[in-house]
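Reading through the structure tokens given below for one structure.
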Amino acid sequence: MNSQQISSSFELAGTINVDTGRIELLPEGDISYYPSGIKQLTARIKNGHFAFAGTILYPYGLRLILRSSGNYISNYFYLEPGRQKIVCNADSIRETPQIINHTMTEYRTNYLPAVAAIKQKFDVYETLNDELKAMLFHYVKKRPYSYVALWEIVRQLHSGYDPLLDSAFMELSLEIKKSITGKALSGKLYAARVLQIGLIFPRLELLDTNNRNVVIPGKNSSKYILVDFWFSHCMPCLQQVPKYKEIYQQYSQKGFEIVAISIDNKKNIPAWKNVIREKKMNWIHYLDMDGKLSANLSIDEFPTNFLVDNSWKIISKNIEPDQLNSFLKEKSQ
């Protein structure tokens, strides 16, 4: 039995400039990256102090969120087995808390300076994003046993699949690949490959607004389809609705369709249907209950969309409404 399979205890003693309230350890995205027994641990703040205790297999990427008041949420940090202290500033949102352990030392000493060097050279988002993935690949080659590298691949995948992430993952040690996080990441990388531009959109079994089973890709006479992943309480998603309505009104009779896939849970189905009705979103709507299929495809940022042609081949990802309008205008001429 290797060290990956042995649970170790941890104690995290914290201070924050808030007298009372509740603070929570927040996992890094999908819970499948963590052992099945992990829960979102909550601690009470008393006179600016709080404490967590539990078991941990290896360094985890986590955040802290203040649930009781304010909008505080920390940046990511690494928690290891053993006793550690953490210092937070409730007035500094997205701060990296002060915590000392071996993984955080690597993160601050090696990884963050490499990121800073890239950001100094590139300020265009697309170029910066590509360069950060390339940097991460070289970082993993030098440090195949690094849990910083493992969790940074997880984070980079949030912004979209890139073959460099597969290459970086392959450079990790066998021990880390076989960890629970490593196995989950391997599965998500595999699923994300099927959403590359130029490939056919993957098969999904969904529900329609009448709770009937439907499957996509399906027969559709449209020239272009926008597959839009959203949910009923997603403000960025709802902010796009007026523009989508304008586009749909102008191009729905010219071969354009929208297939909206909500990740709402069973409790929010009434809210999902109400939003569709009240905002007059008169396009096709399906439900991916609890977002399980979306999560399997590493779709965990919303809205996320894919523009496909009449063969359901992916021709664009996360196209902005203005770009979509320009594309359809050009194709309709």
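The values are calculated or read from the model by the stated rules, or taken from the named source; none is laboratory data. In this text the structure is predicted, and so the values were computed from the model without any measurement. Virtual Cβ from ideal backbone geometry, glycine too; neighbours counted across all protein chains shown.
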**Item:** Qualifying position, being assigned to a loop (DSSP other than H, G, I, E, B), closer than 16 Å to E11 by Cα and modelled with pLDDT of 90 or more, among Y58, Y78
**Value:** Y58
**Message:** Pull out all pairs, ordered by first then second residue, where Cβ-Cβ is under 9 Å, the residues are six or more apart or on different chains, the first lies in segment 311-322 and is in the same structural domain as L297 (by TED's automatic domain parsing) and free of Cβ contacts under 8 Å to residues at least 40 places away in the same chain, and the second is surrounded by 13 or more Cβ atoms within 10 Å (Cβ to Cβ) and in a loop (DSSP other than H, G, I, E, B).
**Reply:** E320/Q240
**Prompt:** With respect to D208, is the statement that it is within 12 Å of I261 (Cβ to Cβ), surrounded by 13 or more Cβ atoms within 10 Å (Cβ to Cβ), touching a strand residue (DSSP E or B) at 6+ places or on another chain (Cβ under 7 Å) and among the charged types (D, E, K, R) true?
**Reply:** no
**Request:** Answer yes or no: is there a residue in segment 252-273 that is out of contact with any His (no Cβ under 7 Å at 6 or more places or on another chain), farther than 20 Å from T209 by Cα, in a helix (DSSP H, G or I) and without any contact (Cβ under 8 Å) to a residue 24 or more places away in the chain.
**Result:** yes
**Request:** Check whether at least one residue in segment 37-52 is closer than 27 Å to G291 by Cα, touching a residue at least 12 places away in the same chain (Cβ under 8 Å) and in a strand (DSSP E or B), and report yes or no.
**Result:** yes
**Message:** Condition first: loosely packed, with under 15 Cβ neighbours inside 10 Å, in contact (Cβ under 8 Å) with a residue 24 or more places away in the chain and among the hydroxyl-bearing types (S, T, Y). Can you find one or more residues in segment 57-79 that meet it?
**Reply:** yes
**Asked** (1) in contact with a Ser or Thr (Cβ under 9 Å, 6 or more places away or on another chain); (2) at pLDDT below 90; (3) over 30 Å from T20 (Cβ atoms): which one isn't true of R94, the others all being true?
**Response** (3)
**Asked** In segment 286-305, how many are touching a Lys or Arg at 6+ places or on another chain (Cβ under 7 Å) and either modelled with pLDDT under 90 or not assigned by TED's automatic domain parsing to the domain that holds A271 (or both)?
**Response** 1
**Request:** Kindly provide the set of residues from segment 284-301 that are crowded, with 18+ Cβ neighbours inside 10 Å and either among the β-branched types (V, I, T) or assigned to a loop (DSSP other than H, G, I, E, B) (or both), ordered by number.
**Result:** I284, D288, L297, S298, I299
**Message:** Given the criteria assigned by TED's automatic domain parsing to the domain that holds L185, modelled with pLDDT of 95 or more and under 25 Å from L185 (Cα atoms), does A134 qualify?
**Reply:** no
